[in-house]
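Undergrad: Dumping the structure here so I can ask a few things about it.
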Amino acid sequence: MQILLMGPPGAGKGTQAVKLVEKFSIPQISTGDMFRAAVKEGTELGKKAKACMEAGTLVPDEVTVGIVRERLAKEDCKNGFILDGFPRTVEQAEELQKILEELGMSLTKVLNIHVPAEHLIERAVGRRICKTCGATYHVKFNPPKSDKVCDNCGGQLYQRADDNEETMKKRLSVYEESTRPLIDYYKKVGVYAEIDGRQPIENVTEELVNVLYSVKN
Ligand code: ADP
Ligand code: AMP
């Protein structure tokens, strides 16, 4: 199954991707996670991505498409994958189409997690992530049992540098301008479905899984 999870920053893509990884045993491919890892390691890629991420703007398409092309060619994607946070521009979507054609694949479903803008800043500012295993929490909507400690592995929780109100405003305006047009793009392709992301996390997962089962059968 080749799944694309779409939605504005803070909609719940990463949270849901983890659930779908468990359910379908296919890898999550998050360009945001890949860039954060590269920044942490101080690689060339990290140097290219850092300033854009801090400013809340998009990393240039040629850089982003390159890392996705390499990643999708890996053996563990043969049975499918969950793209999370890519594509974010129509140009990236067109490049993705070419990459998939080269690999003899196509998208099974594009799932758009719809959350209105007024909820997204609160979601991002309250997001906390485990330094060790990457699990995502929210101080109010999905709090860890013990403050600042991961339930899964006991790791330390941190707040992303770009999860502040000012950068989030920029990220949302970038979403409106560059990423929202993908909704019409994928509606035309005909594999598009929308899920209400304002529901509790488990209900969103249930709806996503139901849509995917309806495709499979
Ligand atoms: P994205 O990957 O789309 O940026 P995340 O999955 O990281 O979003 O979720 C953003 C924040 O919102 C996290 O703190 C997460 O715990 C929280 N969250 C995710 N889904 C929901 C939901 N359905 N209801 C309330 N909060 C949610
Ligand atoms: P995310 O973790 O998806 O919220 O992404 C964090 C940041 O990484 C974004 O604000 C961008 O700067 C960068 N980024 C992630 N995915 C992409 C993409 N597909 N295209 C361009 N930039 C991206």
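Undergrad: Quick one: which helices (runs of 4 or more DSSP H) lie wholly within the range 1-94 and hold at least 3 residues that are open to solvent by less than 10 Å² (accessible area, probe 1.4 Å), touching a strand residue (DSSP E or B) at 6+ places or on another chain (Cβ under 8 Å) and within 30 Å of E122 (Cα to Cα)? Spell out the reasoning first.
TA: Numbers: elements: 13-24, 31-41, 44-55, 61-72.
Fully inside the range 1-94 and qualifying: 13-24.
Undergrad: Right, something else. Of the residues K169, K109, which is among the charged types (D, E, K, R) and surrounded by fewer than 16 Cβ atoms within 10 Å (Cβ to Cβ)? Break it down into steps so the answer makes sense when it comes.
TA: Details: K109 fails: surrounded by fewer than 16 Cβ atoms within 10 Å (Cβ to Cβ).
One residue alone meets the criteria, K169.
Undergrad: Condition (residue is more than 12 Å from the chain's Cα centre (by Cα), touching a residue at least 24 places away in the same chain (Cβ under 8 Å) and away from ligand 2 (no atom under 13 Å from the Cβ)) applied to the range 29-47: is it met by at least one residue?
TA: Within the range 29-47 (the criterion being more than 12 Å from the chain's Cα centre (by Cα), touching a residue at least 24 places away in the same chain (Cβ under 8 Å) and away from ligand 2 (no atom under 13 Å from the Cβ)), the answer is no, since none of the residues qualifies.
Undergrad: Hey, another quick one. Starting from residues that are at pLDDT below 95 and not small (G, A, S), keep the ones in the range 185-212 and report whichever is farthest from the chain's Cα centre (by Cα).
TA: Our first condition is that a residue be at pLDDT below 95; within the range 185-212, this holds for 189-191.
If we keep only those that are not small (G, A, S) too, we end up with 189, 191.
Values: V189: 20, V191: 18 Å.
Applying the filter and picking the extreme gives V189.
Undergrad: What's the number of the only condition in (1) modelled with pLDDT under 95; (2) hydroxyl-bearing (S, T, Y); (3) within 16 Å of ligand 2 (Cβ to nearest atom) that S146 fails to meet?
TA: (3)
Undergrad: Of the residues that make up the range 143-155, is at least one within 17 Å of the chain's Cα centre (by Cα) and of a type in the set (D, E)? I'd like the intermediate steps shown before the answer.
TA: To start, the set of residues in the range 143-155 that are within 17 Å of the chain's Cα centre (by Cα) comprises none.
No, every residue in the range 143-155 fails to be within 17 Å of the chain's Cα centre (by Cα) and of a type in the set (D, E).
Undergrad: Next up: For the range 120-140, which positions are closer than 28 Å to V215 by Cβ and assigned to a helix (DSSP H, G or I)?
TA: L120, R123, listed by residue number.
Undergrad: In the range 95-106, what residues are under 17 Å from T31 (Cα atoms) and surrounded by fewer than 18 Cβ atoms within 10 Å (Cβ to Cβ)? Lay out the reasoning, then the answer.
TA: Residues of the range 95-106 that are under 17 Å from T31 (Cα atoms), as a first pass: 95-97, 99-100.
Result: Q97, I99, L100.
The values are calculated or read from the model by the stated rules, or taken from the named source; none is laboratory data. Just so it is clear, the model here is predicted, and its values are computed rather than measured. No Cβ is skipped: glycine too gets one built from the backbone with ideal geometry, and neighbour counts run over all protein chains shown. Quick note on the areas: whole protein, heavy atoms, side chains included, nothing else; ligands and nucleic acids left out. Shrake-Rupley method; radii C 1.70, N 1.55, O 1.52, S 1.80 Å.
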